[in-house]
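Worksheet for the structure shown next.
Each value in this text was obtained by applying a stated rule to the coordinates, not by laboratory testing. Since this is a predicted model, take the numbers as computed values, not measurements. No Cβ is skipped: glycine too gets one built from the backbone with ideal geometry, and neighbour counts run over all protein chains shown.
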Amino acid sequence: MRILLYPRLAPDVFAIASNLCPAGFELSAPEPTDTARLSEELALSDFLVGFVGPLPESTWHAARKLRLIQLLSAGYDNFPIDRARELRVPVATNGGANAIAVAEHAVMLMLAVLRRLVQLDRDVRAGGWRQTQRGDLRYHEICGKRVGLIGLGMIGREVARRLRGFGVDLCYHDTRRLSPEEEMALGVTCLPLDDLLSTADVLSLHLPLLPETRGIVGARELALLRPEAIIINTARGELVDEQALLEALTSGRLAGAGLDVLAQEPPPPHHPLFSLEQVVLTPHAAGPTWESWPRRFANAYANVERVARGAAPHWVIPELKDLVFPGQIPL
């Protein structure tokens, strides 16, 4: 059976993909710009694996043999679900392979914003060394703060596990409440959304981008936050009303933000958030750590092998669950 990897990844990452490819499968990775070759490979492939966004429009007609589209990411908002439905091919996410990486990045952003890390680094490089009056700039500890997590899936739980050692008060809001045993194990308390917003010192988002979550943090929600609060987003930029966030930051109604994602990616060159010292930005880089690549490919190939032997795949996106039947894959 043939696996098509798209788009082609860096050579060292492709080496990991090749080394982990299971016996009995052939892996190909044509150049994304070679649409003719891509169409040829799609026509021959049983499985499509990768960070698959919109394929070139002229190539979809060739994807008639596919049995599974396996993403290497947790998010799938850039994937054309209607195309998969036309082909009647399930689309699966990556089963939390990036959960540790994103959780660590979220905690890093919390500390970087609270301790003004970027500003301090810049000042040292410019020759400054404690030149302001001590206490003039306020740096904050996370210990004793209330951290509110919106979304407690695999990534949110990893964030909770890492924060327990920091001595924080952990609260969460999710459409599905954990069992009392799970809450106790993680050390979290479930709160209604407005209660969480009005009492959190740190708000961290861990939700997929869905119609019902788009703009879940807007002007109303930001107004509920305390002026000392900060917001962390390592999920999707569109979860937050960016203009409302900008207004809250510039007016002093919000103390800071750590953002790995923005509504437009890449952002325009003179994005207004760039000028704000209380904002720490990273380029949607939370997930792809070096250590996460073997986990991503291990999960992807395990799912491919499940389908190859006639079992239903794991982690199929909700919009296409009806294409999967227990014990078989509809062709």
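Of the residues Thr199, Asn78, Val168, the one whose Cα sits farthest toward the positive end of the charge dipole of segment 62-220, with +1 on the Cβ of Lys and Arg and -1 on the Cβ of Asp and Glu, is Asn78. Between Ala257, Ala126, Ala63, the residue with the greatest mean-square fluctuation in the GNM of the chain (Cα pairs under 10 Å linked by springs) is Ala126. Within the listed set Phe79, Phe47, Phe274, the Gaussian network model of the chain (springs between alpha-carbon atoms below 10 Å) gives the highest mean-square fluctuation for Phe274.
Note on the chain: GNM, Cα springs under 10 Å; of Pro269, Pro22, Pro30, the largest mean-square fluctuation is that of Pro269. Placing unit charges on the Cβ atoms only, positive for Lys and Arg and negative for Asp and Glu, gives the chain a dipole magnitude near 500 debye about its Cα centre.
Between segment 79-153 and segment 1-28, the C-alpha centres lie 30 angstrom from each other.
So for segment 1-75, what percent of the C-alpha to C-alpha distances run longer than 17 Å? Result for the distance tail: 38 percent. Each eigenvalue of the Cα gyration tensor of segment 99-281, multiplied by 5 and square-rooted, gives one semi-axis; in descending order these are 27, 20, 15 Å. Cα centroid separation, segment 158-204 to segment 30-73: 40 Å.
Once both labels are positioned 7 Å from their Cα atoms along Cα-to-Cβ, the gap between Glu228 and Asp12 label points is 4.2 nm.
Here segment 221-245 is scanned for amide nitrogen atoms under 17 Å from the site 7 Å beyond the Cα of Ser251 along Cα-to-Cβ, giving 221-231, 241-245.
By the compact-protein rule of thumb, 2.2 N^0.38 Å, the alpha-carbon radius of gyration of segment 44-112 corresponds to a ratio of 1.38. Each helix, a run of at least 4 DSSP H residues, gives -39500 (n - 2.57); summed and divided by the residues of the chain, these come to -9500 deg cm²/dmol at 222 nm. Largest first, the extents of the alpha carbon coordinates of segment 63-185 on the three principal axes equal 68, 43, 19 Å. Placing a pseudo-label 7 Å from each Cα along the Cα-to-Cβ vector at Leu117 and Glu26 gives an inter-label distance of 4.6 nm.
The alpha carbon convex hull volume per residue for segment 192-232 rounds to 69 Å³. Full extension of the chain between Asp77 and Phe274 yields a length gain of 68.4 nm, computed as 0.36 nm times the residue separation minus the alpha carbon distance.
With each label modelled as a point 7 angstrom along the Cα→C-beta vector, the Thr189-Glu212 pair spans 2.6 nm.
With the convex hull of the Cα atoms taken as the outline of the chain, the averaged projected area works out to 19.1 nm².
Mean sequence separation of contacting Cα pairs (under 8 Å, at least six apart), scaled by the length of segment 258-331, corresponds to a relative contact order of 22 percent. For segment 75-115, list residues with backbone N below 17 Å from a point placed 7 Å from the Cα of Asp322 toward its Cβ? Within reach of a label on Asp322, which here means backbone N under 17 Å from a point 7 Å along Cα→Cβ, segment 75-115 contributes 81-91.
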